[in-house]
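For reference, the structure discussed in these notes is given below.
The values are calculated or read from the model by the stated rules, or taken from the named source; none is laboratory data. Given the structure is predicted, the values throughout are model-derived calculations rather than measurements. A quick note on method: Cβ atoms are made from the backbone with ideal geometry, for glycine too, and the neighbour counts reach across all protein chains shown.
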Amino acid sequence: MYKIQYMTLLENKSAEIPAPREITTKPRVSDKIFRGVVTAGGLSSLVILGLIFAFLLYQGFDIFRSQGLSFLTTSRWDVNFDEAGNITSSDFGLSAMLIGTIICAFTAVVIAVPISVATALYLSFYAPPFVKKFMVTVVDLMAAFPSILFGIWAYFVLMPSGAYWAKLLNKYFDFIPVFSNEQRVFDSSPFIASLILAIMIIPIVTSISREVFSQAPLDRIQAAYALGATRWAMIRAVVIPHGRSGVIGGAMLGLGRAMGETVAVYTVLNLVFAINWKILFGVGGNVASLILLKFGEATPYEIKALMAAGLVLFVLTLIVNFSADLLVRRLGGKGK
Amino acid sequence: MSSNVAPVVTNFDHVSPIRPWQASVRDRLITTGIFLGSVAMSYLIIKLTGLSGKLGFFATFLSVFTTVNATRDYFRFGSASAKDSLVNTLVAAGAFITIVPISSILYTVISKGIKGIYPALFFRDMSLNAPNDPLNVGGLGHSIVGTLLLVSVALVFSVPIGILTALYLTEIKGRFSQPIRFLVQAMSGVPSIVAGLFIFSAILIPITKDNSSLLGSLSLTILMIPTVARTAEEVLNLIPNDLREAGIALGGTQWRTVAMIVVPAAKSGLITAIILGIARIAGETAPVLLLAGGGDKFNFNPTSGPMGSLPYYIWRSFGAGSPEAVTRAWTGLFVLLVIVFALFAVARFLGNRKVGK
């Protein structure tokens, strides 16, 4: 039957044969629209980051102009009113909070990185398969925990044991200025804030380190074993040189996360506007918690100062994140 | 003649493969002995010195166990083996330390939060009660509604943007791919309070001048986009190129190929990306405190009026300080944790299914 139809089609010369479709590399209209929409969506991250910068700068500009560089170098936060409720004088300085942010975040990284690297090594090269599967899930889940959960847990559970460890550190390392503490009060110290920050960034640093370690070239691993290396000798000769910059990048990413943390630090840290280098002493600061603390009863003028503080924090985390990304990416190029 | 030939083994039942790497019974006994010995020794050390507590015991045990093992290996096989066994213990200890806080968090939240759970909790609000009131009055229904509204409005904005970003990175691969990947990474590091401040400065001050949960959702959108975009990018990268080529070869335009072939093939993975994004923002506190106001009664309108949410409920109860209020906070955390857990389980389930079906 088909054959007959075909024959009749051939015989019927008058039947219209459609013109061959034009072969072209020119995109269709639908594709142009599609590519336009997707590109616009893709560029949204640029737009959002730009807008954040622009609006915080716009709102905080007055403060930057009136305070100048002293916004970053002094550590007072005063607003004075006259009887009518007008602002007579104001003085905003972030230095205590900035230094506090850096101290807390840096200590957290120092605590978290060895633990994370050990965990990542364990998961990549030591753990039996079922332990590995279980622990990877647990670590991923931990990364999804909300920060308020960490904060409240830290306040009720971590604080007592953290204070105990702080006391111990103080007892044996009192001669090092960073660990000295004349007041003998160990609660609400930057050390405890660092502990909770460390716990919060362990999942991030662990998963990045694990990813980097898993890219270590298998042939070199096997070559090391074939030469009679123990597991540690193999790790030292192959995995660590390969993964070093990736781990540093992961640590920087953790640093950025720790700098921007708000709620968890707010619950445990005793915010005071004074520069404090002693991490065991219960006085500290953090730009993000400062914003949360002052926001509730802030006057419109003070809110501008908080916007300026937010801008400083934004730029700080952006710089840290960019450098982290560069480090991780540099490895990505080399590993393949 | 045949008597000289060794008998051919035909029955292999009694032959078992040897595993020279496996620990013998003797080895295991020695390991157990060392373990128990270390426990006893660290107990003694703790009794003799000023150390105390579970953490002190753990630290002492760790160092004793490591030292004993390393010394033994040193005398058996030399220094390389001693180092290996040292690292062995340290690495396992690192993994153990990672597990400790999460188990403690789970234990605390469940044991303390379960006390405040009762059925009516989920249907009542706090409009007539303070956090310090007895536990059998009030409830957190309004905060669950608030969190659901906050998250679903945030989804409306963040899912299209996040997935379009991922599509740009995987399908178009244009000139901006590298910078955009960079910026998405940078965006995932934006502190949540900065996202809140941004919406405050850009929308609340100049336009609405009042709190609403819509603004909270907008700030959550900023936090959610990077999570969705990065996970979706990974998933879309897993779709084999054959599928795309097949679509083009059949005469489909790129738009048809992506919409009819690539996205449906990656559907479960994309849902995983969205769910991970939700888990990321469901418990976000700081921007919600700044923008959504925080209400104590049911509010179903995202565009006006103060909106309660689970983080706000937890925050307010925690701040009130009395034992009842703190139990309320733990209960709120328990509910939040259950939500995150459920989302996570669904994401895992979908993520484990084979991509491309």
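Looking only at region B:11-62, count every residue that is assigned to a helix (DSSP H, G or I) and either more than 14 Å from chain A (Cβ to nearest Cβ) or modelled with pLDDT under 75 (or both) and tell me the total.
The number of residues fulfilling the criteria is 28.
Just checking, how many residues over region B:118-155 are more than 17 Å from B:L333 (Cβ to Cβ) and part of a loop (DSSP other than H, G, I, E, B)?
Qualifying residue count for the region: 12.
Name the helices (runs of 4 or more DSSP H) wholly within region B:156-249 that hold at least 3 residues that are of a type in the set (A, V, I, L, M, F, W, C) and more than 9 Å from every other protein chain (Cβ to nearest Cβ)?
B:213-238, B:241-249
Among the listed residues A:I303, A:I275, identify the single one that is over 19 Å from the mean Cα position of the chain (by Cα), of a type in the set (V, I, T) and either closer than 22 Å to B:S188 by Cβ or outside any helix (DSSP H, G or I) (or both).
On inspection, the qualifying residue turns out to be A:I275.
Condition first: part of a helix (DSSP H, G or I), under 18 Å from A:S116 (Cα atoms), among the polar types (S, T, N, Q) and in contact (Cβ under 8 Å) with a residue 24 or more places away in the chain. Can you find one or more residues in region A:163-185 that meet it?
Scanning region A:163-185, I find no residue that is part of a helix (DSSP H, G or I), under 18 Å from A:S116 (Cα atoms), among the polar types (S, T, N, Q) and in contact (Cβ under 8 Å) with a residue 24 or more places away in the chain, so the answer is no.
Looking at this structure, is A:I240 surrounded by fewer than 23 Cβ atoms within 10 Å (Cβ to Cβ), under 18 Å from A:L123 (Cβ atoms) and more than 8 Å from chain B (Cβ to nearest Cβ)?
It is true that A:I240 is surrounded by fewer than 23 Cβ atoms within 10 Å (Cβ to Cβ), under 18 Å from A:L123 (Cβ atoms) and more than 8 Å from chain B (Cβ to nearest Cβ).
Which of the residues belonging to region A:286-322 are more than 8 Å from every other protein chain (Cβ to nearest Cβ) and more than 27 Å from B:G293 (Cβ to Cβ)?
Scanning region A:286-322 gives A:V315, A:L316, A:I319.
Which of the following residues is among the basic types (K, R) and surrounded by fewer than 17 Cβ atoms within 10 Å (Cβ to Cβ): B:R181, B:R230, B:R244, B:R175?
Selected residue: B:R175, the only one of B:R181, B:R230, B:R244, B:R175 that is among the basic types (K, R) and surrounded by fewer than 17 Cβ atoms within 10 Å (Cβ to Cβ).
Assuming A:K167 fulfils every condition listed in (1) more than 7 Å from chain B (Cβ to nearest Cβ); (2) touching a helix residue (DSSP H, G or I) at 6+ places or on another chain (Cβ under 7 Å); (3) over 12 Å from A:L195 (Cα atoms) apart from one, which condition is it?
(2)
Suppose we filter B:A82, B:A95 for residues that are within 11 Å of chain A (Cβ to nearest Cβ), under 21 Å from A:A120 (Cβ atoms), in contact with a helix residue (DSSP H, G or I) (Cβ under 7 Å, 6 or more places away or on another chain) and of a type in the set (A, V, I, L, M); which single one remains?
Residue meeting the stated conditions: B:A95.
Check region A:189-208 and report whether any residue there is in contact with a Leu (Cβ under 6 Å, 6 or more places away or on another chain), surrounded by 22 or more Cβ atoms within 10 Å (Cβ to Cβ), away from chain B (no Cβ under 12 Å) and part of a loop (DSSP other than H, G, I, E, B).
Yes: one or more hits.
Looking at B:V68, B:V137, which is the one that is surrounded by fewer than 20 Cβ atoms within 10 Å (Cβ to Cβ), more than 23 Å from A:W153 (Cα to Cα), touching a residue at least 24 places away in the same chain (Cβ under 8 Å) and away from every other protein chain (no Cβ under 14 Å)?
B:V68
Which residue is farthest from the other protein chains (Cβ to nearest Cβ), if the candidates are limited to region B:250-262 and must be of a type in the set (A, V, I, L, M) and touching a residue at least 40 places away in the same chain (Cβ under 8 Å)? Spell out the reasoning first.
Here is the first cut: in region B:250-262, the ones of a type in the set (A, V, I, L, M) are B:250, B:258-262.
Subset that is touching a residue at least 40 places away in the same chain (Cβ under 8 Å): B:258, B:262.
On the way: B:V258: 7, B:V262: 12 Å.
Only one residue fits best here, namely B:V262.
Any idea which of (1) closer than 20 Å to B:A286 by Cβ; (2) in contact with a Lys or Arg (Cβ under 9 Å, 6 or more places away or on another chain) is the one A:W153 doesn't satisfy?
Tallying (1) closer than 20 Å to B:A286 by Cβ; (2) in contact with a Lys or Arg (Cβ under 9 Å, 6 or more places away or on another chain), A:W153 fails exactly one: (2).
Among the residues of region B:220-236, are any of a type in the set (G, A, S) and modelled with pLDDT of 90 or more?
yes
Condition check ((1) touching a helix residue (DSSP H, G or I) at 6+ places or on another chain (Cβ under 9 Å); (2) small (G, A, S)) across all residues:
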site	(1), (2)
B:G113	yes, yes
B:F122	yes, no
B:N129	no, no
B:I172	yes, no
B:F182	yes, no
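Being out of contact with any Leu (no Cβ under 8 Å at 6 or more places or on another chain) and within 30 Å of B:E324 (Cα to Cα) narrows it down to one residue among B:L238, B:L128; which is it?
Going through B:L238, B:L128 in turn, the sole match is B:L128.
Is it the case, given these coordinates, that A:D140 is assigned to a helix (DSSP H, G or I) and among the acidic types (D, E)? Walk me through how you get there before you give the answer.
Working: assigned to a helix (DSSP H, G or I): yes; among the acidic types (D, E): yes.
Here the answer is yes, as A:D140 does meet what is asked.
From the list A:F134, A:F150, A:F156, which residue is surrounded by fewer than 18 Cβ atoms within 10 Å (Cβ to Cβ) and either within 9 Å of chain B (Cβ to nearest Cβ) or of a type in the set (G, A, S) (or both)?
Just a single option satisfies the conditions, and that option is A:F156.
Hey, could you check region A:108-128 for residues that are more than 30 Å from A:S189 (Cβ to Cβ) and more than 9 Å from every other protein chain (Cβ to nearest Cβ) and say which is surrounded by the fewest Cβ atoms within 10 Å (Cβ to Cβ)?
The selected residue is A:P128.
With the checklist (1) assigned to a helix (DSSP H, G or I); (2) surrounded by fewer than 24 Cβ atoms within 10 Å (Cβ to Cβ) in hand, flag the one item B:G295 doesn't pass.
For B:G295, the exception is condition (1).
Output the residue which, of all residues in region B:251-268 that are of a type in the set (G, A, S) and under 22 Å from A:P20 (Cβ atoms), is surrounded by the most Cβ atoms within 10 Å (Cβ to Cβ).
Step by step, filter region B:251-268, then rank; the result is B:G252.
Which condition number does B:V338 fail, the rest of (1) assigned to a helix (DSSP H, G or I); (2) within 23 Å of B:S192 (Cβ to Cβ); (3) within 10 Å of chain A (Cβ to nearest Cβ) being met?
Looking at each condition in turn, B:V338 falls short on (3).
Looking at this structure, is B:L223 buried (at least 20 other Cβ atoms within 10 Å of the Cβ) and over 16 Å from B:P311 (Cβ atoms)? Walk me through how you get there before you give the answer.
Numbers: buried (at least 20 other Cβ atoms within 10 Å of the Cβ): yes; over 16 Å from B:P311 (Cβ atoms): no.
No: the conditions fail for B:L223.
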